[in-house]
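What follows is a single structure, written as structure tokens, with notes after it.
The values are calculated or read from the model by the stated rules, or taken from the named source; none is laboratory data. From a predicted model like this one, the values you see are computed outputs, not experimental measurements. So basically every Cβ, Gly included, is an ideal-geometry build from the backbone, and we count neighbours across all protein chains shown. With ligands, DNA and RNA removed, areas are computed over all heavy atoms of the protein, side chains included. Shrake-Rupley method; radii C 1.70, N 1.55, O 1.52, S 1.80 Å.
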Amino acid sequence: MNARAPVALTACALALLLLAGCAKPYDYTNFRQHRPRSILVMPPQNESQTVNAAWSYQSTVTRPLAERGYYVFPVAVVDRLMKEDGVSPNKAAEILGADAILYVTLEQYGTKQQVLNAATLVKLRGQLVDARSGVLLWERRFAIQHNSNLGSGGILGDSTDAAHNLAGSANVRFFGDRDLGLLYGPYHPRYGKDE
Amino acid sequence: MPSLLRTAIIWAWLGILLPGCSTTLYSWGHYEERIYASYVSPGTTSLEAQAAELERDYEKARAERKRMPPGFHAQLGYLYVQLGKLDQARRELEAEKAEFPESAVFVDRVLASLKKL
């Protein structure tokens with residue numbers, strides 16, 4: 001019996017390794033060919049029931065992208081300029097000199113109150129497109145959920161606030177997950193080292 | 001003795017690994033909160049107060065020798081445009097361009113539009 005224990009352990013370890021390998025890495029061929037330095041974030045499409053979702057999300061998106069090493073155009077300023085000048089999103093990238101455009105769709109963004117707990121869900125999909133050629137560099141669908149117990153004084157406040165707080169950590173994983181997120185940008189010390 | 005050595009090795013590793021985990025590239029100050037507020041509750045904080053807040057963030061970051069994130073100086077510059085303080089606006093926009101050359105096309109466009117004012 002005792003002699004078999006190491007064998008069983010090894011088998012388990014191998015199974016875990018194989019399972020971990022099942023998350024197929026994203027194909028970064030196009031990404032590596034274009035290597036954008038700057039990203040223009042379009043105002044997100046909001047498919048959720050939350051009225052302020054697009055604005056909330058737009059204020060959380062700069063940090064994870066910038067900390068990933070990219071130049072991110074100032075979202076609030078660009079939104080104003082585009083509204084004032086009536087420029088279309090695609091034209092905007094050309095006028096601002098952006099390398100890549102990020103399109104995000106918010107599928108769910110809010111809190112569902114259940115009997116004993118509240119589930120805050122942020123579900124989104126995004127596409128990073130090369131501004132000059134229109135080539136798709138990266139895309140991903142992602143969901144993150146946070147459960148809180150109502151009895152223990154969890155989220156009883158505004159549903160938007162809960163989703164807003166969750167969006168920050170959602171973005172860190174959405175853009176930063178190994179093999180699925182974005183490659184490092186030029187301001188990151190690991191730029192170019194993530195083959 | 002060997003256990004002491006092992007402890008020393010572990011601490012040495014932690015010393016190497018931990019700083020690499022926690023560092024951020026930029027000092028964010030109130031930049032994100034400012035963006036959120038400008039969308040959700042515009043007008044609740046005066047433009048002067050917003051500019052003053054971002055200036056304090058910048059002072060603090062300089063004292064800590066940290067960089068401001070992309071868009072920070074452009075945002076502050078845009079506040080000064082709205083306040084009619086065009087000299088400060090130009091200074092901030094030039095700072096954005098100097099820190100991040102990727103913003104040059106964008107910044108030059110805004111600077112050119114300021115000349116018409």
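Rounded, prolate or oblate for region A:39-92? Axes are the square roots of the Cα gyration tensor eigenvalues, ordered a ≥ b ≥ c, and the cut-off for rounded is a/c under 1.5. Provide the component values of the computation, followed by the final result.
Values: a/c = 2.00, a/b = 1.01, b/c = 1.97.
Because a/c hits 1.5 or more and a/b fails to exceed b/c, region A:39-92 counts as oblate.
Averaged over peptide B:35-44, the number of partner chain Cβ atoms lying within 10 Å of each residue's Cβ comes to 5.
Using only the Cα atoms of region B:65-117, build the gyration tensor, take square roots of its eigenvalues as a ≥ b ≥ c, and label the shape rounded, prolate or oblate: rounded if a/c is under 1.5, else prolate if a/b is larger than b/c, else oblate.
Numbers: a/c = 2.47, a/b = 1.41, b/c = 1.74.
The shape class here is oblate.
In order along region A:177-194, the phi-based Karplus estimate (6.51 cos²θ - 1.76 cosθ + 1.60, θ = phi - 60°) of 3J(HN,Hα) comes to 4, 4, 6, 10, x, 7, 5, 5, x, x, 8, 8, x, 9, 4, x, 8, 8 Hz; Gly and Pro are listed as x. When accessible surface is computed with a 1.4 Å probe, chains B and A are found to bury approximately 2800 Å² between them, both chains counted.
Pairs exceeding 32 Å between alpha-carbon atoms, taken from B:LYS60/B:LYS85; A:LYS123/B:LYS85; A:LYS91/B:LYS116; A:LYS123/A:LYS193; A:LYS112/B:LYS60; A:LYS91/B:LYS85: A:LYS123/B:LYS85; A:LYS112/B:LYS60. In this simple spin-label approximation, B:ASP108 and A:GLN113 carry label points 7 Å from Cα along the Cα→Cβ vector, and these lie 5.5 nm apart. Interface burial in region A:36-80 reaches 40 Å² or more for A:TRP55, A:SER59, A:THR62, A:ARG63, A:ALA66, A:GLU67, A:TYR71, A:PRO74, A:ALA76, A:VAL77, A:ARG80, comparing the full protein assembly with the chain by itself; accessible area from heavy atoms with a 1.4 Å probe. For A:LEU137, the amide hydrogen comes within under 5 Å of the amide hydrogens of A:LEU128, A:VAL129, A:ASP130, counting only partners 5 or more places away or on other chains and with H modelled in the peptide plane.
Could you give the dipole magnitude of region A:41-136 about its Cα centre, charging the beta-carbon of Lys and Arg +1 and that of Asp and Glu -1, in debye to the nearest 20?
Values: 9 positive and 9 negative charges, 51 e Å.
Roughly 240 debye for region A:41-136.
Under a 5 Å amide H cut-off, with hydrogens placed 1.01 Å from N, A:VAL41 pairs with A:PHE73, A:LEU102 among residues at least 5 apart or on other chains. Atom-type composition of the exposed protein surface of region A:84-126 places 53 percent of the accessible area on carbon and sulfur (1.4 angstrom probe). Peptide A:89-101 has a mean shielding of 2, counted as Cβ atoms of other protein chains within 10 Å of each residue's Cβ.
Rounded to the nearest 20 debye, the dipole size of region B:15-117 about its Cα centre is 220 debye, using +1 on the Cβ of Lys and Arg and -1 on the Cβ of Asp and Glu. Take the Cα of A:VAL87, step 7 Å toward its Cβ, do the same at B:ARG65, and the gap between the two points is 3.8 nm. For region A:77-121 versus region B:60-89, the spacing of their alpha-carbon centroids is 23 Å.
Between A:TYR28 and A:GLN145, the FRET efficiency from the beta-carbon distance, with R0 = 30 Å, is close to 0.60.
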